[in-house]
Amino acid sequence: MVDPPAVADASETQPIDAARFRAVLGRYPTGVTIVTTVADVPGRTSGGQRRQPIGTTVNSFTSVSLDPPLVLIAIGRERSIHPVIATADRFAVNILDEESTLLSDCFAGAPSPLPREAFCDAPYSWGSHEMPILDAALAYVVCDLERVIEAGDHTLYLGRIVDLAARERESWPLLYFRGRYLRIEHAETEELLGKPDAT
């Protein structure tokens, strides 16, 4: 009989450095979204305010519950949108298509020819509940802020969905894998496997 491997003492566990964390977790492909909300900023008239859209690229996004309909996003505390979400008490998650790499880079603060300070010149409309919805979104959800959870160097925002829609157009989602964008190729020429969406 083979003895089970010895369990390392907690005091001997090596700390997990950021590079190793990214290298390992980067093996898990994710979709790419842009989380948007609005900030109240001083308007042009004395004492007036205007609503300014603000957004950031997020790939830490997941569904949580069907009843009630809940989703979760994780936002780094250094992001300019971080304090705005709690103030606005609402946010939208825009799921990007694979032609939106420039938008993704711009909203992430990566090098991009698009002007970050001008909402990346992203075409958008004011959707339901006065949230900015990107024209480039394959689908989107609008959420009321349900709960805020501090988690290390990020904050988790649990949102209750109040509106959602999928755009009817032939396009594939933008994916991220090992620090690079990933395109869906086989799905364009081969039959998709698995259980189809309910109609």
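Within region 86-135, if we keep just the residues that are among the β-branched types (Val, Ile, Thr) and modelled with pLDDT under 95, the residue that is farthest from Glu168 (Cα to Cα) turns out to be Thr87.
Annotation: of all residues in region 60-102 being in a loop (DSSP other than H, G, I, E, B) and touching a Leu at 6+ places or on another chain (Cβ under 9 Å), the one that is surrounded by the most Cβ atoms within 10 Å (Cβ to Cβ) is Ser100. If you check Glu117, Glu130, Glu99 for being more than 16 Å from the chain's Cα centre (by Cα) and closer than 13 Å to Thr36 by Cβ, only one passes: Glu130.
For region 64-78, the count of residues that are in contact with a strand residue (DSSP E or B) (Cβ under 7 Å, 6 or more places away or on another chain) and free of Cβ contacts under 8 Å to residues at least 60 places away in the same chain is zero. Selection within region 170-188: residues that are modelled with pLDDT of 60 or more and outside any loop (DSSP other than H, G, I, E, B). The member of this set that is nearest to Arg22 (Cα to Cα) is Phe177. Can you say whether Arg90 is out of contact with any His (no Cβ under 7 Å at 6 or more places or on another chain) and basic (Lys, Arg), as far as the supplied structure shows? It is false that Arg90 is out of contact with any His (no Cβ under 7 Å at 6 or more places or on another chain) and basic (Lys, Arg).
The values are calculated or read from the model by the stated rules, or taken from the named source; none is laboratory data. This structure is a prediction, so every number in the text was calculated from the model and none was measured. Cβ: placed from backbone, ideal geometry, glycine included. Neighbour counts: every protein chain shown.
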